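The values are calculated or read from the model by the stated rules, or taken from the named source; none is laboratory data. Model, not experiment: these values are computed from the prediction. When we count neighbours, we look across all protein chains shown, and the Cβ atoms used for this are built from the backbone with ideal geometry, even at glycine. The protein model used for the area step is the full one, side chains on, heavy atoms only, and it has no ligands, DNA or RNA in it. Shrake-Rupley method; radii C 1.70, N 1.55, O 1.52, S 1.80 Å.
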Amino acid sequence: MKAPVRNAKLYIDGKWVSDKESMPVIDKFTGETFANVPVASRETTERAIRAAHEAFPAWSRTPAHKRYKILSNVSRLLEERQEEIATIICREAGKAWKYSMGEVSRSIETYRFSAEEAKRIHGETVPMDASAAGEGRVGYWLRVPLGVVSAITPFNFPLNLVAHKVGPALAVGNTIVLKPASTTPLTAITLAEILEKAGAPAGVFNVVVGSGGTVGEWLTIDPRISKISFTGSPPVGEQIIRKAGLKKVTMELGNNSGTIIEPDADLSAAVPRCVMSSFANSGQVCISLQRLYVHKAIAKEFTKRFVEETKKLKVGNPLEKDCDVGPMIEEKDAIRAEAWVKEAVREGAKVLIGGKREGRVMQPTVLVNVRPEMKVMCQEAFAPLVSIYEYGTFEDAVRMVEDSPYGLQAGIYTNDLKKAMYAVDRINVGGVMINDTSIFRVDHMPYGGNKMSGLGREGVRFACEEMTSIKMVMIKP
């Protein structure tokens with residue numbers, strides 16, 4: 001018997017509301033509608049912004065210990081509902097069960113980190129008498145909240161990338177209006193249930209659902225918004241910056257991540273890690289491994305092991321506990337990835353495994369004989385697709401990793417410290433992972449990119465800094 005379709009509501013000013021229009025939430029594996037979510041109108045979005053704006057003065061003055069308690073409650077409640085939320089992520093995002101559970105676990109920790117940061121917001125004294133004009137005066141600065149934060153989040157981590165915006169914003173005393181991805185709104189609505197139960201006051205946290213061209217734009221241009229935190233594609237990020245006006249912005253915009261494998265690498269560790277890094281969440285991770293540079297001395301052995309390990313992956317229903325690779329978010333994205341592979345083959349590349357799709361499901365794909373100018377190498381694939389490229393010298397490999405318009409993260413497998421530091425010095429990215437791949441991230445480290453990969457940094461403490469401003473105080477006794 002088919003389960004009834006859930007009719008969800010938006011969360012605005014501490015109330016659950018509907019709107020005139022609604023849209024279906026699709027199970028990405030079966031194609032069935034399992035929920036309906038209201039689409040926020042201009043009036044409803046205005047109501048959410050107004051609620052956040054009006055709630056800000058009281059929330060910004062709420063003592064740190066109370067903000068800590070609410071965020072700690074969120075962490076605890078997420079843990080209590082871990083399997084339920086993981087199931088929602090599996091269905092609306094198509095993410096395999098083990099990675100959905102992993103995302104919930106990370107989110108529990110992200111809110112715990114956020115709770116702790118609520119008690120650490122600090123300033124410093126300023127030695128005013130370092131200037132002759134400052135003699136006899138006392139100075140210090142404080143970090144203060146900005147106001148209303150607009151959070152526009154992607155489909156691929158519908159809980160944890162939301163947590164990286166919501167947790168720090170609330171920790172420092174901002175209020176927030178969240179627009180989750182239209183393909184994965186139910187996880188955010190479930191989070192609203194948790195925040196309500198955790199004790200967040202009305203208006204402090206609000207959820208509206210709709211397209212980037214409507215709701216996203218309204219949350220960008222409204223003058224009551226003080227900060228925009230966006231994760232998504234570079235073209236959309238650029239549009240937001242052009243329209244935002246005088247607002248602070250944080251942009252996390254993606255990558256075509258590269259990892260280098262040197263001859264001294266431990267292949268027994270590197271191969272399975274590289275396979276996971278290429279195909280987790282169907283490659284739909286901003287730091288997913290897409291370009292794999294392997295030294296020619298070990299390329300044959302590495303590639304053989306890599307293909308053998310890829311063959312072991314189970315592709316199919318993400319709700320099955322042993323699934324490794326589920327469907328992509330939209331069939332059009334799988335069609336695009338398949339087309340890129342076919343184009344690469346026409347240009348001389350060779351498919352060692354995969355290259356085929358069925359509906360939204362794209363088989364894990366490994367390419368060789370690629371060239372730097374092919375789309376599968378120079379653009380962001382955001383698909384279960386990795387290209388292996390043989391290199392001769394370490395300097396060549398570093399140059400090729402750096403030869404990208406993106407700059408989020410990169411990986412280096414080597415036990416030679418001089419080589420590792422050479423790469424750190426010459427690859428212009430936000431993070432270099434030594435003896436790991438580009439995909440490594442823990443939620444309290446600074447995270448963000450250079451070049452087309454973005455502006456600003458996330459990671460709880462660093463997001464807290466991005467979501468505050470400095471107020472200087474001078475006292476003349």
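General remarks:
- With a requirement of 2 or more residues that are out of contact with any Leu (no Cβ under 7 Å at 6 or more places or on another chain), the strands (runs of 3 or more DSSP E) lying completely within the stretch 362-477 that satisfy it span 385-391, 409-413, 431-434, 468-475.
- Inside the stretch 15-33, residues that are crowded, with 18+ Cβ neighbours inside 10 Å and farther than 17 Å from Phe155 by Cα make up a count of 1.
- Those residues of the stretch 402-422 which are out of contact with any Ser or Thr (no Cβ under 8 Å at 6 or more places or on another chain) and open to solvent by less than 10 Å² (accessible area, probe 1.4 Å), in sequence order: Thr414
- Enumeration of residues in the stretch 108-132 that are under 30 Å from Glu83 (Cβ atoms) and of a type in the set (A, V, I, L, M, F, W, C): Ile108, Phe113, Ala115, Ala118
- The stretch 48-64: number of residues that are free of Cβ contacts under 8 Å to residues at least 60 places away in the same chain and surrounded by 19 or more Cβ atoms within 10 Å (Cβ to Cβ): 0
- Boolean, Glu320 is open to solvent by 60 Å² or more (accessible area, probe 1.4 Å) and under 22 Å from the mean Cα position of the chain (by Cα): no
- Hey, Thr44 crowded, with 19+ Cβ neighbours inside 10 Å, touching a residue at least 40 places away in the same chain (Cβ under 8 Å) and either polar (S, T, N, Q) or under 24 Å from Arg224 (Cβ atoms) (or both) or not: yes
- Strands (runs of 3 or more DSSP E) wholly inside the stretch 89-204 containing at least 3 residues that are in contact (Cβ under 8 Å) with a residue 60 or more places away in the chain and surrounded by 21 or more Cβ atoms within 10 Å (Cβ to Cβ): 148-152, 175-179
- Pairs with Cβ under 9 Å, 6+ apart, first in the stretch 343-367 and closer than 12 Å to Val325 by Cβ and open to solvent by 30 Å² or more (accessible area, probe 1.4 Å), second charged (D, E, K, R) and modelled with pLDDT under 95: none
For every residue, the table says whether it meets (1) in contact with a Pro (Cβ under 6 Å, 6 or more places away or on another chain); (2) of a type in the set (Lys, Arg); (3) closer than 21 Å to Val460 by Cβ.
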| residue | (1), (2), (3) |
| --- | --- |
| Val126 | no, no, no |
| Arg137 | no, yes, no |
| Tyr140 | no, no, no |
| Val148 | no, no, yes |
| Pro154 | no, no, yes |
| Lys165 | no, yes, yes |
| Ala181 | yes, no, no |
| Ala198 | no, no, yes |
